[in-house]
Amino acid sequence: MPTDAAGVVTVPIGAVSARSVDLRVETTGLLPWREGAYELVVPRVPDGDVGLTAEVFGPGPIVVVSSPSHAIDAKPVSLEHLRVGLRDPQTLHDADFVLRYRVDPDDRPGALVVVGDGTSDVVGIVMHPVEDGHEPVAVSDVSIDWNGAAVTQVRPDPVGKLPAGTPLVVLARAQGDVRGPVTVRARCGREVRAITIDATTRSPRPTCVRWRYSGPAPVAATVVAHR
């Protein structure tokens, strides 16, 4: 799906005969890490009737969820799945919705995700911030064993040092199967660890947002494509 210079995708819907529109847009990307949590942002809706539900998946047990922008209601579906809604959906008119959550790294240290883009596979490693006794520690001297997968365009390369409380995010391209697991070796605090990260399925359950808009005028949906 083409984007403009700012990385924004605009999906025209055209004239709307009914008062409500159901729109489903799927995109795969990496949520940024801000202020000690993964952060999901949904743009505000200027007018009309709206509804929003966020299905949040780990991977791993979700231990903290909050919103600095709106009052929310969170319902656990399982340890790794949380359903979040706005307490007052109409407040999405006032400001962008910001949702932050953290995952317990002791149960599952991260995820290896493989997504095809039509030419090759994009491989992403996301390793949650490393902890020692539930205290975040810095990470350095990182090396990755790709378990025989033929990967190119690895970035960043080298990884460099990660401050305490920062997730490891590595992207690459691959030709052929990437079955995993991969092994990340790094100095974590005062010790060297080998951390095994299993592959998800090719269609991983993503954190997703469902929103509904009803209004009297033609509308267009704008989706920010995260890279």
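Residue under question is A95, and the condition is that it be small (G, A, S), out of contact with any strand residue (DSSP E or B) (no Cβ under 7 Å at 6 or more places or on another chain) and in a loop (DSSP other than H, G, I, E, B); does it hold? Judged against the criteria, A95 is a match. Of all residues in segment 186-213, those being surrounded by fewer than 16 Cβ atoms within 10 Å (Cβ to Cβ), modelled with pLDDT under 85 and not in a loop (DSSP other than H, G, I, E, B) number 2. Residue pairs whose Cβ atoms lie under 6 Å apart, separated by 6 or more positions or on different chains, with the first residue in segment 160-185 and farther than 18 Å from T119 by Cα and modelled with pLDDT of 85 or more and the second charged (D, E, K, R) and assigned to a loop (DSSP other than H, G, I, E, B), are P181/D198.
Cβ separations smaller than 7 Å between residues 6+ apart or across chains give no pair from segment 33-48 residues that are in the same structural domain as A138 (by TED's automatic domain parsing) to residues that are among the charged types (D, E, K, R) and not in a strand (DSSP E or B).
Return the total of residues in segment 71-123 being under 17 Å from L30 (Cα atoms) and of a type in the set (A, V, I, L, M). Result for segment 71-123: 10. A residue that is modelled with pLDDT of 85 or more, buried (at least 17 other Cβ atoms within 10 Å of the Cβ), within 25 Å of A174 (Cβ to Cβ) and small (G, A, S) cannot be found anywhere in segment 55-71.
Among the residues of segment 82-93, is there at least one that is free of Cβ contacts under 8 Å to residues at least 24 places away in the same chain and not charged (D, E, K, R)? Yes; the residues of segment 82-93 include at least one that is free of Cβ contacts under 8 Å to residues at least 24 places away in the same chain and not charged (D, E, K, R). Exactly one residue out of V103, V113, V126 is touching a residue at least 24 places away in the same chain (Cβ under 8 Å), farther than 18 Å from V151 by Cα and of a type in the set (V, I, T): that is V103.
Scanning segment 56-82 for residues that are more than 17 Å from L92 (Cα to Cα) and among the charged types (D, E, K, R) gives K75, E80.
The set of residues from segment 151-185 being farther than 28 Å from G133 by Cα, of a type outside the set (A, V, I, L, M, F, W, C) and surrounded by 14 or more Cβ atoms within 10 Å (Cβ to Cβ) comprises just one member, R173. Can you find even one residue in segment 102-112 that is of a type in the set (D, E, K, R), touching a strand residue (DSSP E or B) at 6+ places or on another chain (Cβ under 7 Å), over 30 Å from A174 (Cα atoms) and at pLDDT 85 or above? Checking segment 102-112: not a single residue is of a type in the set (D, E, K, R), touching a strand residue (DSSP E or B) at 6+ places or on another chain (Cβ under 7 Å), over 30 Å from A174 (Cα atoms) and at pLDDT 85 or above.
The values are calculated or read from the model by the stated rules, or taken from the named source; none is laboratory data. What you see is a predicted model, and the numbers here were worked out from it, not measured in a lab. Positions of Cβ are generated from backbone atoms using ideal geometry, with glycine treated the same way; all protein chains shown enter the neighbour counts.
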